[in-house]
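Read the structure below first, then the notes.
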Amino acid sequence: MNCGVLGQREVAAGIFLLDLESSELAERSHPGQFVHLKTAGGWDPLWRRPFSIHRVSGDGRRIRILYRRVGKGTSRMREFQSGDVVNLLGPLGKPFDLAGDFRTAVIVAGGLGIAPVFFLADRLAAAGKKTVLMWGVRHSGELVGLDELKKCGIDVRTATEDGSAGFRGRVTDLLAASLGDLRPLSALSGFACGPTPMLIAVQEAVQGTGFRWQASLEDRMACGVGVCQGCAVRIRNRGFQMVCSDGPVFDLGEIDFHD
C-alpha cells in the first residue's frame, strides 16, 4: 500500500521518528507487528526494510516508526519529506498476545528494541494493566520519549552502560537485580524486545519466575512474508519458524538460541 509522509524529526543523534498517514494500516495494526518499507524508488537499495510499528495515533489515522540511520536504506529514509508517498507492506507478523488475567506487565527492552514498546504500553494502559519497563542503552542520549512513558503511569527503570543515567550496566543486570522486587507481585506477564544477545540473557535470567515471557525477535528480512526463508529460528518442539511470518513474537522459553 502507499502511505503519505506527514513528517519526521530527529529525536536523538541518528534516531528519527517518521509519521505516516494510513487509516487502513492504523486500524489493522497490533503491538509487535511491523511494516516492510521500500526506502527508495528504483532498484537501489533493492530490498525493503522491516520496522516495528512504534505507535498508532489516537484518531486511528497514523502510524509512527522509530528508526536509526545506519546504512543506505535508512539514509534514504532520512530524505523523506511531508507530502512524499512511500510504499510498504503491512501490518505483518504475529503480534504480542495480551490475553489473560495478568495485572502487571514487565517489559525488558534493549536499545532500539524500544520501538514496539510504546505501542505495547499504550494497549496495556488501555486494558488497565500496570507496567514496569526496564530499558537499557549505551548512554543517556539514546533514551527518547521517557516523559511520554511516565505520563502513562509506567514504572520506567533505565540502565546505561556508561552510567550516565539510571542503573550502571546492562539492562539484563538491572533485571536480575529487580527480580526480587517483582516476585511478590501477582498475575505477571513478561515481554522482551531487543537484540539476540540480550534476549539470550533474559531467557536465562527469568527461568523459574513462574510466569510467561514473550519475545520480539530482530532479524534481517528479505521478503517479509516467509517465502525466502532467510530469517529462520528454531522453536523447541516445532522446528524452524520464520521470524517474519510466524513471529516476530514468540514464547521466549520456546526459542532455541543455541542451535
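The values are calculated or read from the model by the stated rules, or taken from the named source; none is laboratory data. Please read these numbers as outputs of a predicted model, since none were measured by experiment. Cβ sites come from the backbone with ideal geometry, for glycine too, and all protein chains shown count toward neighbours.
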Please report, ordered by residue number, the strands (runs of 3 or more DSSP E) entirely within region 164-259 with at least 3 residues that are over 30 Å from residue 139 (Cβ atoms). 232-235, 239-242
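Collect the residues in region 97-117 that are of a type outside the set (Gly, Ala, Ser) and either crowded, with 24+ Cβ neighbours inside 10 Å or more than 18 Å from residue 65 (Cα to Cα) (or both), keeping them in residue-number order.
Residues of region 97-117 that are of a type outside the set (Gly, Ala, Ser), as a first pass: 97-98, 101-104, 106-108, 112, 114, 116-117.
Result: 97, 98, 101, 102, 103, 104, 106, 107, 108, 114, 116, 117.
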Would you be able to say whether some residue in region 140-152 is crowded, with 18+ Cβ neighbours inside 10 Å and farther than 26 Å from residue 36 by Cβ? yes
Only one of these is among the charged types (D, E, K, R) and closer than 19 Å to residue 64 by Cα: 170, 123. Name it. 123
Return the pairs, sorted by first residue and then second, in which the second residue is among the polar types (S, T, N, Q) and surrounded by 13 or more Cβ atoms within 10 Å (Cβ to Cβ), the first residue lies in region 142-153 and is under 17 Å from residue 111 (Cα atoms), the beta carbons are less than 7 Å apart, and the residues are 6+ apart or on different chains. 143/158
May I ask you to say which residue of 205, 222, 159 is in contact with a strand residue (DSSP E or B) (Cβ under 8 Å, 6 or more places away or on another chain) and either crowded, with 16+ Cβ neighbours inside 10 Å or at pLDDT below 95 (or both)? 159
The lone condition residue 122 fails out of (1) within 20 Å of the chain's Cα centre (by Cα); (2) surrounded by fewer than 23 Cβ atoms within 10 Å (Cβ to Cβ); (3) within 23 Å of residue 48 (Cα to Cα); (4) not basic (Lys, Arg) is (3)
I need the strands (runs of 3 or more DSSP E) fully contained in region 1-111, keeping only those with at least 3 residues that are more than 15 Å from the chain's Cα centre (by Cα) and either at pLDDT 90 or above or not assigned by TED's automatic domain parsing to the domain that holds residue 155 (or both). 2-12, 15-21, 85-92
